[in-house]
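Before any comments, here is the structure.
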Amino acid sequence: MTINVYTIGGGQMSEAILRAALKRKIVSSQSVTITDVSEKRVTYLKKEYGFNAVQAFDENAATQADIVLVGVRPQDDWKEVLRRIGELQTKAQIISIIAGVTLKQLEAALNSQRAQVTRIIPNTLTDTGFGYSGVCLGEYAAKEIVTPFIESFGKVDFIPEAQIDAYTGYAVCGPNYVYNFYLALTNAGVLAGLSRQQANKIALENIKGAAAFLEDTKKHPYELLDTNNSAGGCGITLQHEIDASTFAAGLQNAVLAAVDKATELGGE
Ligand SMILES: NC(=O)c1ccc[n+]([C@@H]2O[C@H](COP(=O)([O-])OP(=O)(O)OC[C@H]3O[C@@H](n4cnc5c(N)ncnc54)[C@H](OP(=O)(O)O)[C@@H]3O)[C@@H](O)[C@H]2O)c1
């Protein structure tokens, strides 16, 4: 059974979410209506996915929907968008992906009693089935309705709202750290004399294999390193260089900076 979703703001993130939901058959082309102020986006979303995309606010779609997904940006007039939804007294679950806008602010803008609101920081690896979305349920949100939808674009972590900035900087920005690690590693392979093609394929395989090994064995990385690092060998030699470098601190500082930035943007 597919669910009816009405989306306001059909930008990059909404598109990625709906593409994954479509792929996993949680929604169908016919069960999705999107309002976007941009004519270009409306034309594209219709042509690419067959969604019912329109430029004007669609009261009927908002009233009939199981889920209303609010995908506009913090600098857009999200208060007006929510005011219009609130006016309709819709029974739909309202899911907001607007960065930095709190449940309290969303509920105030909706101005309707017992509004069923969920705030999420969405996973950005939507097409892969990997990655976590951080989900903060409002007081009246129906977990059983929102969960299957959010799970269609990755895994779900229910978190207290106080954790959302840490979640943004660490989990949702997470792929960026991995892309940087991959890039640094592949450059090292080329530096050591392997071709770019070899370096890329080996790094990707090792990242996937090491992740699978950590997951399957549930062993601590120190234990796996101990097995790999024989006395006086290559493993312990590279370990010494890593320990003497700013590798760990650099990564940790990058995460803390991203978390701080999420807090700063949320406060604006
Ligand atoms: N992209 C990500 O990786 C990511 C990750 C986590 C969270 N988010 C959050 O997701 C939200 C959307 O981000 P995005 O990257 O998808 O932005 P985006 O691509 O710029 O999409 C926003 C869309 O909403 C449209 N819009 C603005 N006001 C509207 C209104 N009143 N009614 C209907 N449509 C309206 C915009 O049209 P115009 O451009 O013509 O104004 C634009 O097409 C943001 O709040 C962001 O913080 C994004």
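Every number in this text was worked out from the coordinates using simple rules, so none of it is lab data. Worth saying up front: this structure is predicted, and the values here are computed from it rather than measured. Cβ atoms come from the backbone with ideal geometry, glycine included; neighbour counts cover every protein chain shown.
Structure data summary
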{"quantity": "Net length gained if the chain between ILE236 and VAL190 were fully extended (0.36 nm per residue, minus Cα distance)", "calculated": "14.4 nm"}
{"quantity": "The chain: angle of helix 12-23 to the longest principal axis, Cα-based, in degrees nearest 10", "calculated": "90 degrees"}
{"quantity": "Check: the range 174-267 dipole with +1 on Lys, Arg Cβ and -1 on Asp, Glu Cβ, in debye", "calculated": "300 debye"}
{"quantity": "Projected label distance in nm at LYS155 and ARG84, using a 7 Å step from Cα toward the beta-carbon", "calculated": "3.8 nm"}
{"quantity": "Within the chain, percent of DSSP bridges classed antiparallel, to nearest 5", "calculated": "15 percent"}
{"quantity": "Residues GLN64 and TYR179, FRET efficiency given R0 of 51 Å [Cβ-Cβ distance, rounded to 0.05]", "calculated": "0.80"}
{"quantity": "Label-point gap, in nm, between ASN206 and THR147 - each point 7 angstrom along Cα→Cβ", "calculated": "4.0 nm"}
{"quantity": "Mean Cβ neighbour count within 10 Å, used as a protection proxy, ranking 122-132, 198-208, 17-27, 36-46 highest first", "calculated": "17-27, 122-132, 36-46, 198-208"}
{"quantity": "Rg followed by Dmax, in Å, when the range 191-247 is reduced to its Cα trace", "calculated": "13.3, 34"}
{"quantity": "Degrees between helix 39-49 axis and first principal axis of the chain (Cα, 0 to 90, nearest 10)", "calculated": "70 degrees"}
{"quantity": "Pair-distance profile P(r), taking every C-alpha pair of the chain, with 10 angstrom steps and integer %", "calculated": "6, 25, 30, 19, 13, 7, 1, 0"}
{"quantity": "Over 29 Å (Cα to Cα) - which of LYS155/LYS201; LYS25/LYS218; LYS104/LYS155; LYS218/LYS261; LYS46/LYS91 fall in this group", "calculated": "LYS25/LYS218; LYS218/LYS261"}
{"quantity": "Folded to 0 to 90 degrees: helix 247-267 orientation relative to the chain principal axis, Cα", "calculated": "10 degrees"}
{"quantity": "Label-to-label distance, nm, for residues given as LYS47 and LYS219 (7 Å Cα→Cβ offset)", "calculated": "5.4 nm"}
{"quantity": "Diffusion coefficient, µm² s⁻¹, Stokes-Einstein with Kirkwood Rh over alpha-carbon pairs of the range 56-166 at 25 °C and 0.890 mPa s", "calculated": "174 µm²/s"}
